[in-house]
Amino acid sequence: MREPYRMEGLPERVTVYEVGPRDGLQNEAAVVPVAVKAEFVARLAAAGHTVIEATSFVHPRWVPQLADAAELLTVMERVPGVRYPVLVPNERGLDRALEHGVTEIAIFGSATETFAAKNLNRTLESQFEMFAPVVARALEHGLKVRAYVSMCFGDPWEGPTPIAQVAEVGRRLLDLGCHELSLGDTIGVGTPGHVSALIDAFGGPDRLAVHFHDTYGQALANTLAALRAGVTVVDASTGGIGGCPYAESATGNLATEDLVWMLHGLGVETGLDLPALVETSTWLAARLGRPSPSRVVQALSPRKQAP
Ligand code: HMG
Ligand code: MG
């Protein structure tokens, strides 16, 4: 075990919000068998995760990889104390989630007009009409609701997204009654100063989480900026897999192992077992038929031990 070197101004503990089974797998072309998905989720819980985004109740034709959401929830083991949120875009998705005993959902809005059309088949304005009854009914059923806002730093069609536009969309999503808003850098173009400026535009880190894709190699630096601004919930994906099928150039998420290496090196607690995470990524990579993109997994998997 290496000695941590602390830095001023960081939280003592961070919750890693694991999106591997949802964001990680949704971009995989070859359908992963449901038994593999269930084992994946079980391994993540065994490695110490307390929040695992399990799947999506979106239209099955839009994301065929996650068309087995109902089946997964039927077969998957649920460990007490672990949260298993699922993505839900509309009331049809909420009905399906409720039928399968879901206790936490995530809606996903867009900060830009073009991505709202491409990802949700809605305008920027009409996305709120779709989400409002979902959140209202979910809260009536006692569910927790997270919101994402995508394309926070830039959009492949519209270029850089104005900060005021992101803050307005994000604030409206929170005001529906969501307990948390995850700021999505869907195409990975953000840089650390931009992250701080965006958090400032929300008036500080209250109820904010961050969701960085690593397309431009900025995800860890951006995470550090968010932590210094007071954010304590960070989204990440096993081995750095993932991306959005409806966003050109949206490649892998921040890898959970890379994040955990940095956090533990800084003395920030996560409750996660890094060797078990690396082993899970190595196991998953064999099932997906290619090596994990995570630098930490690549460095540790042959020996499975920190130097
Ligand atoms: P639509 O075509 O406008 O849907 O799609 P509709 O409301 O017009 O309904 C058409 C038909 O679809 C109806 O059936 C509905 O019942 C059915 P019909 O009456 O014709 O027989 N339908 C559904 N069936 C099952 N489950 C449902 C559902 N909804 C409608 N939930 C819709 C609108 C939102 C459904 C569609 O655009 C969609 O599914 N989009 C999801 C796209 C997606 O999953 N993208 C990836 C996730 S977002 C992401 O990755 C970003 C994130 O990671 C953060 C970041 O990185 O920034 C979160
Ligand atoms: Mg994403």
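Only the coordinates and a few stated rules stand behind these numbers; no lab work does. Predicted model, so just to flag it, every value in this text is computed and none were measured. Methodologically, a virtual Cβ is constructed for each residue, glycine included, from the backbone with ideal geometry; neighbour enumeration extends over all protein chains shown.
Close amide-amide hydrogen proximity is noted between R83 and V51, I52, each under 5 Å apart and 5 or more residues distant or on a separate chain (H modeled in the peptide plane; Pro and chain starts excluded). The magnitude of the dipole of segment 184-307, with charges of +1 and -1 set on the Cβ of Lys/Arg and Asp/Glu and taken from the Cα centre, is near 340 debye.
The value given for the chain is a Kirkwood hydrodynamic radius of 19.1 Å, derived from the mean inverse Cα-Cα separation. Rounded, prolate or oblate: pick one for segment 206-305, where a ≥ b ≥ c are the square roots of the eigenvalues of its C-alpha gyration tensor, a/c under 1.5 means rounded, and failing that, prolate if a/b is larger than b/c, else oblate. In terms of gyration-tensor shape, oblate.
Using a/c under 1.5 as the rounded threshold, could you call segment 58-178 rounded, prolate or oblate? The axes a ≥ b ≥ c are square roots of the C-alpha gyration tensor eigenvalues, and prolate needs a/b larger than b/c, oblate otherwise. Prolate, since a/c reaches 1.5 and a/b exceeds b/c. Only helices enter the 222 nm calculation for the chain: every DSSP H run of n ≥ 4 contributes -39,500 (n - 2.57), and dividing by all residues gives -11500 deg cm²/dmol, rounded to 500. Between segment 116-141 and segment 1-67, how far is it from one alpha carbon centroid to the other, in angstrom? A separation of 24 Å, based on Cα centres. Computed 3J(HN,Hα) for segment 58-73, one whole-Hz value per residue from the Karplus formula 6.51 cos²θ - 1.76 cosθ + 1.60 where θ = phi - 60°, is 8, 5, x, 6, 6, 9, x, 4, 9, 5, 8, 3, 5, 5, 4, 5, glycine and proline marked x. Rounded to the nearest 20 debye, the dipole size of segment 1-72 about its Cα centre is 20 debye, using +1 on the Cβ of Lys and Arg and -1 on the Cβ of Asp and Glu. Between A201 and A67, what is 0.36 nm times their sequence separation minus the Cα-Cα distance? Round to one decimal in nm. Extra length available between A201 and A67 comes to 44.5 nm. Reducing segment 182-236 and segment 249-288 to their Cα centroids gives an inter-centroid distance of 18 Å. Restriction of the trypsin sites (Lys or Arg not before Pro) in segment 8-77 to DSSP coil positions whose beta-carbon has at most 16 other beta-carbons within 10 angstrom yields R61.
Applying a DSSP loop filter and a limit of 11 other Cβ atoms within 10 Å to the GluC sites (Glu not before Pro) in segment 88-139 leaves E125. Summing Cβ point charges (Lys, Arg +1; Asp, Glu -1) relative to the Cα centre of the chain gives a dipole of roughly 500 debye.
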